[in-house]
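Heads up: the structure comes next, in structure tokens.
The values are calculated or read from the model by the stated rules, or taken from the named source; none is laboratory data. Treat the numbers as computed from the prediction; the structure is a model and nothing was measured. Here Cβ is always computed from backbone atoms with ideal geometry, including for glycine, and neighbour counts include all displayed protein chains.
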Amino acid sequence: MNEDINKEIRDSINEKLRNCSDFLKTNFDFLGINNYRYNIVHAIEDLGLDADLIEHLIEDYVAQIIKNKVVFLAYLDELKANQEESLELDYTPLRELAHKNLGVARNLRIEDGKKVLEELMREEDIEYLKKCVEALESCAIKLKPKCAYETLKLMSIKNML
């Protein structure tokens, strides 16, 4: 059974990697992140940290984005429900989570993540924000596919318990 889960997660990551460029080009071409490639040298030079520490921080960022996708979508579902009931929409929890992740992306010089998180901070169209969450996950997977895979695998195991 675990082998089936691992294969399913691996296939999901591979599918997301294949679709990442198309998704970003179709929905976020105006941000100029479709062909973005992270350059660790900028972070090393700007932060004065060694490559191993930066690599570890990037892996933490990727894991956090993968885990936070569920939280972002829960906030958006709540906003959608409130919208349908004509209640006041409070974007504060969504924006606080985006702001937290934005700080990390800025510090590590992760430009594609930074741009998508800035969209999450300012936009109010719920369907567009859902696309932003998908784009953010795509950017994280593209940044460190193995780390994303391991995070999803761990999350699936925890959910089985």
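Selection of first residues in the stretch 80-91 that are within 14 Å of residue 129 (Cβ to Cβ) and loosely packed, with under 10 Cβ neighbours inside 10 Å and of second residues that are modelled with pLDDT of 95 or more and of a type in the set (Asp, Glu), restricted to Cβ pairs under 7 Å at least 6 apart or on distinct chains, gives an empty result.
Look at residue 38 and say whether it is touching a residue at least 40 places away in the same chain (Cβ under 8 Å) and in a loop (DSSP other than H, G, I, E, B). Considered against the rule, which asks whether it is touching a residue at least 40 places away in the same chain (Cβ under 8 Å) and in a loop (DSSP other than H, G, I, E, B), residue 38 comes out as yes.
Summed over the stretch 105-161, the residues that are more than 15 Å from residue 38 (Cα to Cα), outside any helix (DSSP H, G or I) and touching a residue at least 24 places away in the same chain (Cβ under 8 Å) give a count of 1. If you check 72, 28, 23 for being modelled with pLDDT of 90 or more, in a helix (DSSP H, G or I), surrounded by 11 or more Cβ atoms within 10 Å (Cβ to Cβ) and not aliphatic (A, V, I, L, M), only one passes: 72. Among the residues of the stretch 42-54, those identified as farther than 22 Å from residue 117 by Cα and either exposed (fewer than 12 other Cβ atoms within 10 Å of the Cβ) or of a type in the set (Asp, Glu) (or both) are 45, 48, 50, 51, 52. Residue 113 fulfils the conditions (1) in contact with a Pro (Cβ under 7 Å, 6 or more places away or on another chain); (2) closer than 22 Å to residue 14 by Cα except for a single criterion, (1).
Of everything in the stretch 139-155 that is crowded, with 17+ Cβ neighbours inside 10 Å and under 18 Å from residue 97 (Cβ atoms), the residue that is farthest from the chain's Cα centre (by Cα) is 151.
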